[in-house]
C-alpha cells in the first residue's frame, strides 16, 4: 500500500494513470503492474508492506532508466 505524503505524484496501476492526492491510500494487489513518477521536484510517500516481503520478488519491467530484469 502507498500513502501519498506530497502532491504531484503520478500513479500508474494496471493500466490506469492519475495524479494522486495527498493522504490518498493506494492498494497495490499482488502481481499488479505499478509505477510511481514524480514529474516535478520529487515527492514523498509511505510504503506499507503486509505479510512476507522479499526484494527478490520484484520483477522490473522496461523503463527509461534501463532497470529491466
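Bear in mind that the values in this text are calculations on the coordinates, not laboratory data. Note that the coordinates shown come from a computational prediction; the quantities given were computed from them, not determined experimentally. Using ideal geometry, Cβ is built from the backbone for each residue, glycine included, and neighbour counts are taken over all protein chains shown.
In terms of other Cβ atoms within 10 Å, 16, 35 run from fewest to most in the order 16, 35.
The gain in end-to-end length when the residue 16 to residue 49 segment is fully stretched comes to 9.7 nm, 0.36 nm per residue minus the alpha carbon separation. In terms of other Cβ atoms within 10 Å, 28, 58 run from fewest to most in the order 58, 28.
Students often get this wrong: which residues of the stretch 1-17 have the backbone nitrogen under 11 Å from the point 7 angstrom along Cα-to-C-beta of residue 33? From the stretch 1-17, the list is 13-16.
Could you put 2, 18 in order, starting from the residue whose Cβ has the fewest other Cβ atoms within 10 Å? It would help to have the intermediate numbers written out before the result.
Working: 2 19, 18 12.
Fewest-to-most ranking of 2, 18: 18, 2.
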